[in-house]
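The values are calculated or read from the model by the stated rules, or taken from the named source; none is laboratory data. These numbers were taken from a predicted model, which means no experiment stands behind them. Ideal geometry is used to build each Cβ from the backbone, glycine not excepted, and the neighbour counts take in all protein chains shown.
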Amino acid sequence: MESQSVSKARIWIVGIAMATFLVFIIVTVVYLQMPPRQKMKDQVKIQLPSSGTHEECLKLLQENEVVYSFEASHPLTFDIHYHDGTQIVDAFAKKTIAALEATLQPEIAQEYCITWSNHQPQAVQLNYQFQINVK
C-alpha cells in the first residue's frame, strides 16, 4: 500500500515537472518569435578627416523608425538616402550642420544610408548614435 502511494506521488511530481517544462518551452518559443523592440547603436566617436566621408547603412522595414542624433566639432554635410536602381533618393536632403536630433520613418523597406561628409580644411570629431524601433 505504501509503495502505491509513493508511486502515485512520483507520477504526480513528474507530471507537474513536465507541465512546468512545457510551459517554459511555449513561453520561450513565443518570446523568440516576437520582433525585436529596438536596436540601439552605442555612441560612435570618430575623427573624420578633411574631405572624408563616413556612412552608416541600415536595412529598414516600413514599420521601423530610427531615432538618431549626432554632434560634430564643426559643421558637416549630412544626408540620409537610399538607392532605387541607379537613382539616389534623399530621405533627408543634404544639409550642412554640426548637430541634429531627429527621427527617420522609412517610406519603403530599403537599405538607408546615413552619411556625413567633411568639407572643412581640418579633421572633425563626429559623435553619433541611433536606435531602431518597431512602430
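Residues to consider are Ile25, Ile108; find the one that is among the β-branched types (Val, Ile, Thr), part of a helix (DSSP H, G or I), at pLDDT below 95 and exposed (fewer than 14 other Cβ atoms within 10 Å of the Cβ).
Numbers: Ile108 fails: part of a helix (DSSP H, G or I).
Matching residue, one of Ile25, Ile108: Ile25.
Would you point out the residue of the stretch 30-52, among those that are part of a loop (DSSP other than H, G, I, E, B) and modelled with pLDDT of 60 or more, that is surrounded by the most Cβ atoms within 10 Å (Cβ to Cβ)?
So, considering only residues that are part of a loop (DSSP other than H, G, I, E, B) and modelled with pLDDT of 60 or more, the one surrounded by the most Cβ atoms within 10 Å (Cβ to Cβ) is Gly52.
Tally time: how many residues in the stretch 58-82 are surrounded by 13 or more Cβ atoms within 10 Å (Cβ to Cβ) and within 23 Å of the chain's Cα centre (by Cα)? Full working, then the answer.
Keep residues of the stretch 58-82 that are surrounded by 13 or more Cβ atoms within 10 Å (Cβ to Cβ), which gives 58, 60-61, 64-82.
Cutting the leftovers down to within 23 Å of the chain's Cα centre (by Cα) gives us 58, 60-61, 64-72, 78-82.
Selection size over the stretch 58-82: 17.
In the list Ala98, Ala109, Ala102, which residue meets the criterion of being among the small types (Gly, Ala, Ser) and more than 18 Å from the chain's Cα centre (by Cα)?
Details: Ala109 fails: more than 18 Å from the chain's Cα centre (by Cα); Ala102 fails: more than 18 Å from the chain's Cα centre (by Cα).
Exactly one residue qualifies, and that residue is Ala98.
Test Ala98 against the stated conditions and say whether it is without any contact (Cβ under 8 Å) to a residue 60 or more places away in the chain and surrounded by fewer than 14 Cβ atoms within 10 Å (Cβ to Cβ). Even if it seems obvious, please write down each step before you answer.
Values: without any contact (Cβ under 8 Å) to a residue 60 or more places away in the chain: yes; surrounded by fewer than 14 Cβ atoms within 10 Å (Cβ to Cβ): no.
For Ala98, the condition - without any contact (Cβ under 8 Å) to a residue 60 or more places away in the chain and surrounded by fewer than 14 Cβ atoms within 10 Å (Cβ to Cβ) - is not met.
Determine which single condition His81 fails, assuming it passes every other condition in (1) modelled with pLDDT under 95; (2) within 22 Å of Ile132 (Cβ to Cβ).
All conditions pass for His81, except number (1).
Any residue in the stretch 47-59 that is under 21 Å from Gln105 (Cα atoms) sitting within a Cβ distance under 6 Å of a residue that is in a strand (DSSP E or B)? List the pairs, counting only those 6 or more apart or interchain.
Every condition considered, the pairs that remain are Glu55/Cys113; Glu55/Thr115; Glu56/Ile114; Cys57/Glu111; Cys57/Cys113; Leu58/Tyr112; Lys59/Glu111.
Only one of these conditions is not met by Lys135: (1) closer than 26 Å to Lys45 by Cβ; (2) in contact (Cβ under 8 Å) with a residue 40 or more places away in the chain; (3) exposed (fewer than 12 other Cβ atoms within 10 Å of the Cβ); (4) not hydrophobic (A, V, I, L, M, F, W, C). Which number is it?
If we test Lys135 against (1) closer than 26 Å to Lys45 by Cβ; (2) in contact (Cβ under 8 Å) with a residue 40 or more places away in the chain; (3) exposed (fewer than 12 other Cβ atoms within 10 Å of the Cβ); (4) not hydrophobic (A, V, I, L, M, F, W, C), just (1) comes out false.
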